[in-house]
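Written out below as structure tokens is the structure these notes cover.
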Amino acid sequence: MTIAAFLQELSGRLEPRAIVTDPQAIAPWLTDWRGRWTGRSNVLLEPADVSAVSAIVVAAERHGIGLVPQGGNSSMVGGATPPENGSAVLLSLRRMNRIRSIAPDYAIVEAGVILDTLHHAADEVGARFPLDLGARGSATVGGLASTNAGGVQVLRFGTMRAQVQGVEAVLSGGLVHDGLAGLKKDNRGPSLDHLLIGAEGTLGIITALRLRLVPGRVRRAAAWIGLDSPHAALRLLRHLERASDRIEAFELIPAGNLAHVLRHIPQTRAPLAKAAPWNVLVEAVVDSEEKEAPEQLLERLLSHRAAADLITDAVIAHSGEQTEQLWRLRHSISEAERAEGPAAQHDISLPIESVPDFLVHEARAIEHRFPGTQASGYGHLGDGNVHFHVRAPDGAGKDWADSIEGKAVSAMVHDLVTAAGGSISAEHGIGQMKKDEMARLSSPARMQAMRAIKHAMDPAGIFNPGKLID
């Protein structure tokens, strides 16, 4: 079977614009967001509805053609990049970008809807979608569900899985699973919806989602807080959690990461007069009808003795513009880190109580074993998700992370995370970047179950080949 025969079959079922073969139009979608993986594909499919996706799956199984689903191509682990051998085609969901229905408490949206678009649509009905991240302008909801994305509001609302009330997806044989009714109780065996969330497109193609919305008429404010250690940050987090249920974000940022942002990102400035060894960015949200303003809530919580004894300095935003300026510092870290030079980057999660010691002791252990490296972590302390980067020694090439030493660094990080009871992927997924490490470090029980599910739901092996699990 050949791709030519596959396309010939599809040409009678899909509108002409759904089949793209122009190399220049395909080229931008062959390389991942980080620029670490580049695949090859002579075809980009752009279906406009679920029936077209079903036809594509049927033809792909008949001809043995792999399908690589893609949304905004913002994967951090090469999860949406086609194989190098050209054996698969790209299946873009970007044209499936309709908001089918929306109400103050839910939205039914197609997989290609961009996160920022959903935010604006929710705002128009007096609601908000409680998941946000730096790639909001390009990431699609289908991709967010396929990777079970997290973001900065997990502390209060949970990951993408917690926002999904139902899934529509095309499975093997072109069969359509319709779970968009949003049933609160459904005990007909294991949940297909939950199997598809976080599966990275390896079990089927998510085409639409029913997502929960939360009240949107809110006021928010942020505070930037300096502390002496991540241990102090954790104690502050616990105090805030006990004192209020209105804290939606608690981001831990070491001085080094902030310095990189100030050095590389134009029009940024230090929030505090004197640099602190560690910082946290806290955001509080209150309903619009509440008497206490969010900045007043933060001031009250932070002035409590239990908090004040931990804080070296703090500034509270008193306008939406000031809040956005503080968040820009946090969201710019990834861009600044790329500008700083090559690094082995790790998206890990740990038991929350273990995070401070890991950031201090394990970081030093890595630097000791690999002289010249610099290890540090930042991220969502409230849910244990740390973006742990080990920067290369001076003079290292841009591909250092893929060198023998860079891979040894990552193996050590993953070993330490596993020993601490953590996960080598907190929110970015496994993709092709971590597939071998997952097989090396996961329990036999987990791997056996995952392989059985994959083979049962994708007997032809066409869904996102080479990702997550074989």
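Every number here is computed from the coordinates shown, using simple stated rules; none is lab data. Keep in mind that what you see is a predicted model, and the values were worked out from it rather than measured. All Cβ positions, even for glycine, are placed from backbone atoms using ideal geometry, and neighbour counts span all protein chains on display.
Between Arg17 and Asn187, the contour length at 0.36 nm per residue exceeds the Cα-Cα span by 57.1 nm. Rounded to the nearest 0.05, what FRET efficiency is calculated for Arg364 and Gln8 with R0 set to 60 Å and r the Cβ-Cβ distance? My answer for the efficiency is 0.50. Here the range 341-425 yields Rg over Rh of 0.96, to two decimals, using C-alpha coordinates and the Kirkwood radius. For the pair the range 14-73 and the range 109-126, the centres of their Cα atoms are 24 angstrom apart. Charge dipole (Cα centre; +1 on Lys/Arg Cβ, -1 on Asp/Glu Cβ; no other charges) of the chain amounts to roughly 360 debye. Distances between every pair of Cα atoms in the range 46-201, grouped in 10 Å steps from 0 to the bin holding the largest one, split as 10, 39, 36, 13, 1 percent.
Each Lys and Arg contributes +1 and each Asp and Glu -1, all at the Cβ; summed about the Cα centre of the range 181-339, the dipole is approximately 220 debye.
Both the radius of gyration and Dmax for the range 284-439 are 18.8, 58 Å, in that order, over alpha-carbon atoms. When the charge dipole of the range 111-207 is built from unit charges on Cβ atoms (+1 for Lys and Arg, -1 for Asp and Glu) and taken about the Cα centre, the candidate among Ser138, Val170, Gly189 whose Cα reaches farthest toward its positive end is Gly189. Under a Cβ-Cβ cut-off of 12 Å, what is the net charge of the residues other than Leu416 that fall near it, where Lys and Arg count +1 and Asp and Glu count -1? That works out to -1. Extension gain for the segment Thr268 to Ala411, taken as residue separation times 0.36 nm less the Cα-Cα distance, is 48.0 nm to one decimal. Neighbours of Arg36 by Cβ distance under 13 Å: Lys/Arg scored +1, Asp/Glu scored -1, total +1. Using the empirical formula 2.2 N^0.38 Å as the baseline, the Cα radius of gyration of the range 218-333 reaches a ratio of 1.01.
Note: relative contact order over the range 68-155, using C-alpha pairs below 8 Å and six or more positions apart, is 28 percent.
The alpha-carbon atoms of the chain, seen along their principal axes, cover 70, 56, 44 angstrom, with the largest extent given first.
For the range 171-244, the fraction of alpha-carbon pairs lying more than 17 Å apart is 67 percent, rounded to a whole number.
Length gained on full extension, Ala452 to Ser403, computed as 0.36 nm times the residue gap minus the Cα-Cα distance: 14.3 nm.
Beta bridges assigned by DSSP with both partners in the chain are antiparallel in approximately 90 percent of cases.
Note that the range 116-243 carries a Kirkwood radius of 16.7 Å, evaluated over its alpha carbons pair by pair. For the peptides 14-27, 423-436, the ranking by mean Cβ contacts within 10 Å, running from highest to lowest, is 423-436, 14-27. Here the relative contact order of the chain, from alpha carbon pairs under 8 Å that lie six or more residues apart, stands at 16 percent.
Model label points for Glu292 and His194, set 7 angstrom from Cα along the Cα-to-Cβ axis, are 3.5 nm apart.
Given a Förster distance of 30 Å, report the FRET efficiency between Glu324 and Arg100 from their Cβ-Cβ distance, rounded to the nearest 0.05. E(calc), rounded to 0.05, equals 0.45. Highest average first, the peptides 361-371, 60-70, 215-225 ordered by how many other beta carbon atoms sit within 10 Å of their residues are 60-70, 215-225, 361-371.
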